[in-house]
Amino acid sequence: MRILIATDAWHPQVNGVVRTLTMMVEAAKGLGVDVSFLTPASFRTFALPSYADLRVALPGRGKIARLIAAASPDNIHIATEGPIGFAVRAYCRRRDIPFTTSFHTRFPEYISARFPIPESWIWAGLRRFHGASSAVMAATPALASELRDRGFGHVALWPRGVDAKLFHPRQVALGMPKPIFLCVGRVAVEKNLEAFLSLDLPGTKVVVGDGPARAALQLKYPKAVFLGALQGEALAVAYAASDVFVFPSRTDTFGLVLLEALASGVPVAAFPVAGPRDVIGQAPVGVLSEDLREACLGALKLSSQDCLRFAASLTWEACARTFISNISLVRAELHDGAKSAIHKPPVAA
């Protein structure tokens with residue numbers, strides 16, 4: 001089975017969408033599928049205003065058609081609601097080709113945090129975008145339920161995984177006063193970092209990541225340590241050297257960083273909102289509270305071994321198997337539907 005994934009988010013971007021697609025496809029190599037990508041690398045791009053490290057593709061209709069024809073996919077999956085996603089959606093709609101989509105980002109909340117645009121307008125646009133999809137894949141049961149409540153159809157669950165070979169406990173030190181409270185992610189207004197940086201906590205507050213809000217936050221919170229964007233072994237070391245992982249976002253649909261922290265043996269402190277609540281549930285691996293300081297101090301008392309046991313079953317292979325299963329199920333349903341239409345008896349005059 002050949003699957004083509006169309007995505008506006010791609011390297012060198014560092015975010016959950018890129019990591020999910022990269023790790024999932026790597027894990028899928030031994031599962032009997034051939035996955036290729038249609039990404040901004042094939043098009044001219046421009047920097048997003050106020051967000052220079054995010055580049056937006058300018059896909060032409062003809063080139064989209066040529067790239068899809070060259071890939072010769074059995075299935076098309078649209079991962080993002082950007083220019084590439086819209087262009088591939090239009091291609092499929094013109095030719096009556098079924099496709100699947102995934103919901104990664106709460107754009108209504110992100111956009112309204114920056115511009116005075118009603119969230120209801122953005123939700124309406126997203127509903128229309130995903131409305132023609134044969135399956136809208138969501139990372140957690142809570143997100144899937146919310147999408148159904150908001151009028152999205154054909155919602156399917158697609159959980160995430162974590163690379164336990166990279167993220168695991170190790171004896172390392174950052175040379176900073178302990179305990180270390182770590183936050184990893186894009187340094188932007190929608191990540192609610194000030195809720196973390198403004199806390200009165202012992203030890204050291206560390207932020208890993210980059211983004212448009214970094215310069216202003218560094219000036220405002222000079223005692224916090226900003227390490228910039230880290231990847232691979234350097235990122236794994238930052239996790240392992242920390243005592244508590246703090247997740248102040250109220251809008252993330254999942255938060256792969258939560259799993260990376262837990263696989264490193266680091267408990268989580270977060271607000272009791274959909275993303276962390278769905279990942280952690282009732283497991284003794286994090287403290288969720290509207291008092292984020294209370295959550296941080298409470299998480300210090302949790303067991304590293306409980307975190308490791310929790311993360312052990314959340315593999316990228318399981319993630320890849322579910323993704324493939326969702327697509328296979330759609331193929332089977334479409335095939336059965338086509339057979340039913342062929343054998344449907346004529347309507348009496």
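The values are calculated or read from the model by the stated rules, or taken from the named source; none is laboratory data. Note that the coordinates shown come from a computational prediction; the quantities given were computed from them, not determined experimentally. As a convention, Cβ positions derive from the backbone with ideal geometry for all residues, glycine included, and neighbour counts pool all protein chains shown.
For region 119-149, residues that are out of contact with any Leu (no Cβ under 9 Å at 6 or more places or on another chain) and in a loop (DSSP other than H, G, I, E, B) total 2.
Yes/no matrix, rows are residues, columns are (1) within 24 Å of Phe310 (Cβ to Cβ); (2) surrounded by fewer than 15 Cβ atoms within 10 Å (Cβ to Cβ); (3) modelled with pLDDT of 95 or more:
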residue: Arg186; (1), (2), (3): no, no, no
residue: Asp200; (1), (2), (3): no, yes, yes
residue: Gly232; (1), (2), (3): yes, yes, no
residue: Leu235; (1), (2), (3): yes, no, yes
residue: Ala240; (1), (2), (3): yes, no, yes
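For the structure I just gave you, tell me whether Val206 is within 19 Å of the chain's Cα centre (by Cα) and surrounded by fewer than 21 Cβ atoms within 10 Å (Cβ to Cβ). So Val206 does not fit the description; no. What are the residues in region 56-94 that are part of a helix (DSSP H, G or I), within 25 Å of the chain's Cα centre (by Cα) and of a type in the set (D, E, K, R), if any? Selection gives Arg89 alone. Just one of the listed residues (His168, His104) is buried (at least 22 other Cβ atoms within 10 Å of the Cβ), touching a residue at least 60 places away in the same chain (Cβ under 8 Å) and closer than 30 Å to Ala299 by Cβ, and it is His104. Could you list, in sequence order, all residues of region 138-175 that are more than 23 Å from Val25 (Cβ to Cβ) and outside the structural domain of Leu54 (by TED's automatic domain parsing)? Listed by number, the residues that qualify are Pro169, Arg170, Gln171, Val172, Ala173, Leu174, Gly175.
Out of curiosity, is Asp336 at pLDDT below 90 and either touching a Pro at 6+ places or on another chain (Cβ under 6 Å) or in the same structural domain as Asp74 (by TED's automatic domain parsing) (or both)? Yes, satisfied. Checking Phe196, Phe181, Phe152, Phe226 one by one, the residue that is surrounded by 15 or more Cβ atoms within 10 Å (Cβ to Cβ), assigned to a loop (DSSP other than H, G, I, E, B) and out of contact with any Phe, Trp or Tyr (no Cβ under 6 Å at 6 or more places or on another chain) is Phe152 and no other.
Summed over region 71-107, residues that are within 16 Å of Thr39 (Cα to Cα) and among the charged types (D, E, K, R) total 2. For the residues Ala124, Ala139, Ala215, the requirement of being surrounded by fewer than 18 Cβ atoms within 10 Å (Cβ to Cβ) and closer than 26 Å to Pro12 by Cβ singles out Ala215. If you check Val237, Val257, which single one turns out to be over 20 Å from the mean Cα position of the chain (by Cα) and not in a loop (DSSP other than H, G, I, E, B)? Exactly one of Val237, Val257 is over 20 Å from the mean Cα position of the chain (by Cα) and not in a loop (DSSP other than H, G, I, E, B), namely Val237.
Please work out which residue is nearest to the chain's Cα centre (by Cα), limiting yourself to region 16-41 and to residues that are in a loop (DSSP other than H, G, I, E, B) and surrounded by fewer than 16 Cβ atoms within 10 Å (Cβ to Cβ). Show your work before the answer.
At the first step, the residues of region 16-41 found to be in a loop (DSSP other than H, G, I, E, B) are 29-33, 39.
Narrowing further to those that are surrounded by fewer than 16 Cβ atoms within 10 Å (Cβ to Cβ): 29-32.
Details: Lys29: 21, Gly30: 23, Leu31: 22, Gly32: 24 Å.
Step by step, filter region 16-41, then rank; the result is Lys29.
Scanning region 255-275 for residues that are surrounded by 24 or more Cβ atoms within 10 Å (Cβ to Cβ), out of contact with any Cys (no Cβ under 7 Å at 6 or more places or on another chain) and farther than 17 Å from Gly209 by Cα yields Ala263, Ser264, Val268, Ala270.
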